[in-house]
Each structure stands twice: as C-alpha cells, then as structure tokens.
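Notes follow the structure.
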Amino acid sequence: PIVPIVLGDTQRTLDASKTLEDEGFLVIAIRPPTVPDGTARLRVTFTAAHDDDDIARLAERIKPLIIDAP
C-alpha cells in the first residue's frame, strides 16, 4: 500500500524526505505541481519485502519529522 503523509509545506517535505533517505529509507516528496499548493506530502510505499522491524524503524525515524503536520 501507499500511505500519504501530508506535511503541507514544500521545503519541510523535501527536508523530511532527504533526512529519511540519509537514514536508509526511500520516502518520496510529492509537491506542487503534482499536488495543490500547501498539500506537499511524503509518499510511503510498503511492500511484502518490509517486515515488522522495518516498519517500526521507519515509524521511529519519521515521527519527529511529522509532528505538528496538518
């Protein structure tokens, strides 16, 4: 499944994507013009190759990046 996490601000979304990439996660930043202004988001894609530990590690890393998201 694909899980969108709307952060709103384009730069914040790009920064979060880069931080996650640096930590080994490929989480794509989706921003205007692909989505409307003010609705930039991270696109998290899960596959059968991800185990519970992968998901827990991502959740731990992503939480501080998305606090206060709309």
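The values are calculated or read from the model by the stated rules, or taken from the named source; none is laboratory data. Being a predicted model, the structure only gives us computed values, none of them experimental. Cβ placement follows ideal geometry from the backbone for every residue including glycine, while neighbour counts extend to all protein chains displayed.
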> So ASP15 fits all but one of (1) under 16 Å from ALA69 (Cβ atoms); (2) at pLDDT below 95; what number is the exception?
Replying inline: (2)
>> If I ask for residues that are surrounded by 14 or more Cβ atoms within 10 Å (Cβ to Cβ) and in a loop (DSSP other than H, G, I, E, B), which ones from segment 57-70 would you list?
In response: ALA69
> Out of curiosity, is LEU7 under 12 Å from the mean Cα position of the chain (by Cα) and surrounded by 16 or more Cβ atoms within 10 Å (Cβ to Cβ)?
Replying inline: yes
> Any idea how many residues of segment 32-70 are of a type in the set (D, E, K, R), over 10 Å from the mean Cα position of the chain (by Cα) and closer than 16 Å to ILE2 by Cα?
Replying inline: 2
> What residue, among those in segment 10-56 that are part of a strand (DSSP E or B) and touching a Lys or Arg at 6+ places or on another chain (Cβ under 9 Å), is surrounded by the fewest Cβ atoms within 10 Å (Cβ to Cβ)?
Replying inline: ILE28
